[in-house]
Structure formats: C-alpha cells, structure tokens
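Single-structure report; data block below.
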Amino acid sequence: MKKCTIFYVSDGTAITAETVGNSLVSQFDDVEFTKIRIPFVDTVEKAQAAAQKIKDAYVDCQPLVINTVVDIELRRIIHSGGGLKLDPFNRLLRTIEDTLGIKRSPVVGKAHGVVDSESYNRRIDATNFALVHDDGISTSYDEADIILLGVSRSGKTPTCLYLALQYGVKAANYPLTEEDLDKMKIPDSVLKHRDKVYGLTIDPFRLSQIRSERRAGTRYSNLRQCQREVSDAEALFLRNGVDFLSTTDTSIEEISGKVLLALNIHNRLH
C-alpha cells in the first residue's frame, strides 16, 4: 500500500483544515495516510518549523499540505517545505472576491470566533442535555429533539455529542438492554416520543471488536452475543416502524446528517 503524509496547517486550531482534508483523503482507499496537524502557526519561527517538518516527511511521496494560514508571508514560508499545496479556502475566497468585487478582510481565527452568542449558548445547552440523557441516565425526553436507540457501543453517545456541539440539537440516547431485547419491547418512556426516535445498528463482528477493547474475553464482547443483540435490535426496530442505519463504515458526520434528514430536523437548523 502506498504511504503518504498530509499536513493540516493553520494559524488557528487547524480543525477546519483537518475536517476538509479528511473528507478528501477518505476517497483514496489504497493509500495509507499519516495525518499531522500543526495549529497556531502565527509567527515566522513557527512557519519555518512547519516547513522543516514538511520537508522531512518527503520520502516516498510528496507530502500534501492543506494550509489555512491567513498571513501571505507565513503561507510562503510553509510552502517552501516542498509539499503539494492544497489551498481550497484561498482559491474559493478569490472566486468570491471576483464575484462580489470586494476584497476579504482576513482575521486570524475568525472561523472559530463566537460571532453568534445565541447559537453558542444553544450548543452548550444541547451538550449538557446530551450528557444528562446519555445511556438512559435520564428518560425524561420531553425536551429532546432526537432519541437514538441501539445496543451498547453502536455509536449513540458520540453521535449525540456531535449533534449537540455542531448543530445545537438536543439528542438523548437509550441503550437497548437484554431485558428489552428478551421482551422485544421498546420502553414506553421512549416509544411515547415515537416521532423523535431513530435506531443505530452495527455489524456484529465490528461490535465484538469494539467491545473487546473494553472487556475482552467476556460475554459482553462475545461474537455470538453481539450477533444476537444486533439481530434482536433490528427486529425490534422493524416491529415498531423505527428507521435505522448501520454505523459500521459511516462517519459521525454522515450518521448525524442522515438522522437529521430522516427526522426532518435539518429544516429547522436554517
């Protein structure tokens, strides 16, 4: 398998560059990428250090560099490291400038500034809600926008937190227990909010691997147990008309987007 290094360089957190970059490199299954994030590059010295790291990574493949640094001189220094320049933001901004006939007003970290306090507070409230309503801790779902159902370790918690942090959506989750699966019954506290419920499932082999990372050699991570739980959970979803999707090869971003679309919540976010 071909190996290559991709750098995410920014004068801020580099999270935006990394998000874009991960979406791009995910299209290349036959390449093993080493991903390196270099945040807060806001001085000449830091830019030179970043350029040296890029130069040192030039072995079997020219390194890829997604650079979102605002300062033009620092950008030049970074690219002197010899990496392949991938600057989607700079190109898009130039196109917008040409279309609007107006020059940008570049500010470091502007993409991550708290420019909408109402939206920020909504996301904080939603995050607190997700934590309080994680794993069936609280089953008071009147304020919930979404209730995710699934067996343990099927991806419910990270999806709820992503929905909260990214969209300000109040997402709760309930783990289907052995008792629920034996009775083949979704608890009334959940089912009475039927229009908010969405199911997550997962490949039993992958589920067994994930559970083994926490409790290897136990009944909890046993493959047959995982197969039974997943099969019963999917049957329970079908019996109650609950839409569901598999999280096996699906990113948190994609899971969240599909859930929002299925429950028609995406229209409320604009």
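Quick note: the coordinates plus some simple rules give every number you see, no bench work behind them. Just so it is clear, the structure is predicted and the values come from calculations on it, not from any experiment. Here Cβ is always computed from backbone atoms with ideal geometry, including for glycine, and neighbour counts include all displayed protein chains.
How would you classify segment 2-110 from its alpha-carbon gyration tensor, with a ≥ b ≥ c the square roots of the eigenvalues: rounded for a/c under 1.5, else prolate if a/b is greater than b/c, otherwise oblate? It comes out oblate by the Cα gyration axes.
For the chain, the 222 nm mean residue ellipticity estimated from helices alone, with every DSSP H stretch of n ≥ 4 adding -39500 (n - 2.57) and the total spread over all residues, rounds to -14000 deg cm²/dmol. Each Cα pair of the chain feeds into the Kirkwood radius, which the Stokes-Einstein equation turns, at 10 °C and 1.306 mPa s, into a diffusion coefficient of 74 µm²/s. Between GLU178 and ARG194, the modelled labels are 3.1 nm apart [label points 7 Å from Cα along Cα→Cβ]. Once you order the gyration tensor axes a ≥ b ≥ c over the Cα atoms, which shape class does segment 119-270 get: rounded for a/c under 1.5, otherwise prolate or oblate by comparing a/b with b/c? Prolate. Rounded to the nearest whole Hz, the Karplus-based 3J(HN,Hα) values (6.51 cos²θ - 1.76 cosθ + 1.60, θ = phi - 60°) of segment 244-260 follow the sequence 8, 9, 8, 9, 3, 10, 10, 6, 4, 4, 6, 4, 4, x, 5, 5, 4, with x at glycine and proline. Apply 1/(1 + (r/R0)^6) to the Cβ-Cβ distance of GLN27 and GLN227, taking R0 = 51 Å, and write down the FRET efficiency to the nearest 0.05. Here the calculated transfer efficiency is 0.95. Our estimate of slack between GLU143 and ASN128, defined as 0.36 nm per intervening residue step minus the Cα-Cα distance, is 4.2 nm. Karplus-derived 3J(HN,Hα) values for segment 123-137, using 6.51 cos²θ - 1.76 cosθ + 1.60 with θ = phi - 60°, are 5, 5, 4, 5, 5, 4, 4, 4, 5, 5, 9, 7, 6, x, 4 Hz; glycine and proline are entered as x. For the chain, the list of Cys residues with no other Cys C-beta under 4.7 Å reads CYS160, CYS226. Between ALA262 and MET1, residue separation times 0.36 nm minus the direct Cα-Cα distance comes to 90.2 nm.
Extension gain for ILE72-ASP56 works out to 3.5 nm (0.36 nm per residue, less the C-alpha to C-alpha distance). Applied to segment 69-85, the Karplus parametrisation 6.51 cos²θ - 1.76 cosθ + 1.60 on θ = phi - 60° returns per-residue 3J(HN,Hα) values of 5, 7, 5, 5, 5, 5, 5, 4, 4, 4, 6, 5, x, x, x, 6, 6 Hz, with x for Gly and Pro.
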